[in-house]
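The values are calculated or read from the model by the stated rules, or taken from the named source; none is laboratory data. This one's a predicted model, so the numbers in the text were calculated from it and none came from an experiment. Glycine also receives a Cβ, built like all others from the backbone with ideal geometry; neighbour counts cover every protein chain displayed.
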Amino acid sequence: MYEENINRPEWVPENSGKEFTTYVMPGVEAVQTDVNDIKLVKRKKLSVDDYYNGIINRDIAVLSKAITLIESNSQVHIDLAQEVLKKILPHTGKSVRIGVSGPPGAGKSTTIEALGCYLCKQGLRVAVLAIDPSSTLTKGSILGDKTRMELLSREKNAYIRPSPSAGTLGGVARKTRETILACEAAGFDVIIIETIGVGQSEITVRSMVDFFLLVLIPGSGDELQGIKKGVVEISDMIAINKADGENINYANITKTHYKQALGMLQAATEGWKTPVMTYSALNNKGIDKIWTEINTFLDVTKTNGVFDKRRKHQIINWVFSMVEDEIKNRFYNKTAIVNAIPKIEKQVLMGEITPTNAVTALLELYLLN
């Protein structure tokens with residue numbers, strides 16, 4: 001029986017029954033609310049101790065907030081982040097830091113996901129810092145690695161953090177290094193950093209990791225023409241992905257060519273001969289061998305002292321690279337320089353002064369103001 005208390009739309013015939021299945025249920029009577037009665041709930045501002053305790057106790061929500069703090073360009077946030085980092089510093093340095101690079105389409109994300117899932121099953125905690133190319137408009141990440149690593153994101157011992165490179169060359173230096181420290185203090189055993197895969201970012205990531213993995217795909221053997229020789233030189237392992245199906249023969253040919261090429265290059269790490277291997281991230285074949293090689297690398301470098309030597313060297317380089325960044329920021333943010341640049345540029349373009357004269361003029365202006 002049709003319920004009379006249910007309102008019918010105007011277009012429903014007056015004497016109709018339930019053959020019209022669209023009813024309008026009685027709504028809730030509107031209550032006039034005074035806007036002054038609405039109380040806004042403010043987020044609690046975390047103190048240094050709140051961040052410290054949350055990170056040390058492996059609270060992922062607090063860790064994420066701390067990383068957001070680290071990534072902020074606000075001076076207030078930068079100062080707070082430095083206090084937090086200073087307090088957690090004694091709890092850092094115990095992880096294995098791995099950099100993963102390779103040309104677009106090589107399967108870096110698939111490789112990281114397969115390796116991450118494998119390590120989680122071994123009882124290890126894995127953090128992935130994926131350096132995304134940034135939107136030129138919003139400066140935010142545009143690739144969204146959580147959507148590209150769906151299986152790994154479901155692992156309770158895994159943490160994935162896409163970080164925008166903010167359009168800068170290398171894109172990652174200070175903020176990624178400090179994020180590594182936060183993840184180490186939160187108890188992650190392995191930290192994997194995925195690079196953009198183009199340009200200078202590989203060199204930057206090499207300067208902050210223990211082991212650098214270069215992911216390539218099978219081809220005709222002339223890949224050295226398509227990828228900078230410098231990236232090969234800094235790699236601790238070259239892994240040929242997609243070695244499955246009809247690609248197996250191509251993968252083996254590529255492997256042979258790279259072994260020959262490496263014979264003519266200086267080793268990336270003292271006392272270590274860079275291996276070349278084939279695997280399939282999609283089929284999960286050979287992932288265990290990659291981890292075995294990484295462990296062998298760690299044994300060798302910790303025994304011969306290269307591991308500690310590299311870590312110390314990286315810290316010192318970090319200090320002076322930040323000095324350079326700070327000088328550059330102060331230079332371009334000085335009002336006198338900002339005001340002088342348009343005139344200097346015009347003089348250079350008009351041929352009134354040489355580029356060298358322009359540099360001298362700008363530096364003198366900076367030092368005098």
Here the qualifying pairs (Cβ atoms under 6 Å; residues six or more apart or on different chains; first in region 344-369 and closer than 23 Å to ASN333 by Cβ; second small (Gly, Ala, Ser)) come out as ILE344/ALA358; VAL348/ALA358; LEU365/ALA336; LEU365/ALA340; ASN369/ALA336
Options LYS121, LYS86: the member that is loosely packed, with under 15 Cβ neighbours inside 10 Å, closer than 21 Å to LEU298 by Cα and at pLDDT 95 or above
LYS121
Would you kindly identify the helices (runs of 4 or more DSSP H) lying entirely within region 203-315 that contain at least 1 residues that are basic (Lys, Arg), in contact with a strand residue (DSSP E or B) (Cβ under 9 Å, 6 or more places away or on another chain) and under 23 Å from GLY105 (Cα atoms)?
247-262, 287-303
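Among the residues of region 319-339, is any outside any helix (DSSP H, G or I) and surrounded by 12 or more Cβ atoms within 10 Å (Cβ to Cβ)? Don't jump to the end; show me each part of the working.
First, pick out the residues of region 319-339 that are outside any helix (DSSP H, G or I): 334.
From what's left, surrounded by 12 or more Cβ atoms within 10 Å (Cβ to Cβ): 334.
Yes, because at least one residue in region 319-339 is outside any helix (DSSP H, G or I) and surrounded by 12 or more Cβ atoms within 10 Å (Cβ to Cβ).
Inspect all residues belonging to region 333-341 and state whether any of them is assigned by TED's automatic domain parsing to the domain that holds LYS121, aliphatic (A, V, I, L, M) and modelled with pLDDT of 95 or more.
no
Looking at the structure I just gave you, is ILE60 more than 30 Å from ILE203 (Cβ to Cβ), aliphatic (A, V, I, L, M), under 18 Å from the mean Cα position of the chain (by Cα) and modelled with pLDDT of 60 or more?
So ILE60 passes the test.
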Just checking, which of VAL306, VAL323 is at pLDDT below 95 and either of a type in the set (Val, Ile, Thr) or closer than 18 Å to VAL209 by Cβ (or both)?
VAL323
Only residues in region 89-101 that are within 25 Å of ILE217 (Cα to Cα) count as the first member; pair them with residues that are modelled with pLDDT of 95 or more and among the charged types (D, E, K, R), Cβ under 8 angstrom, at least 6 apart or cross-chain, and list the lot.
ARG97/ASP210; ILE98/ASP210
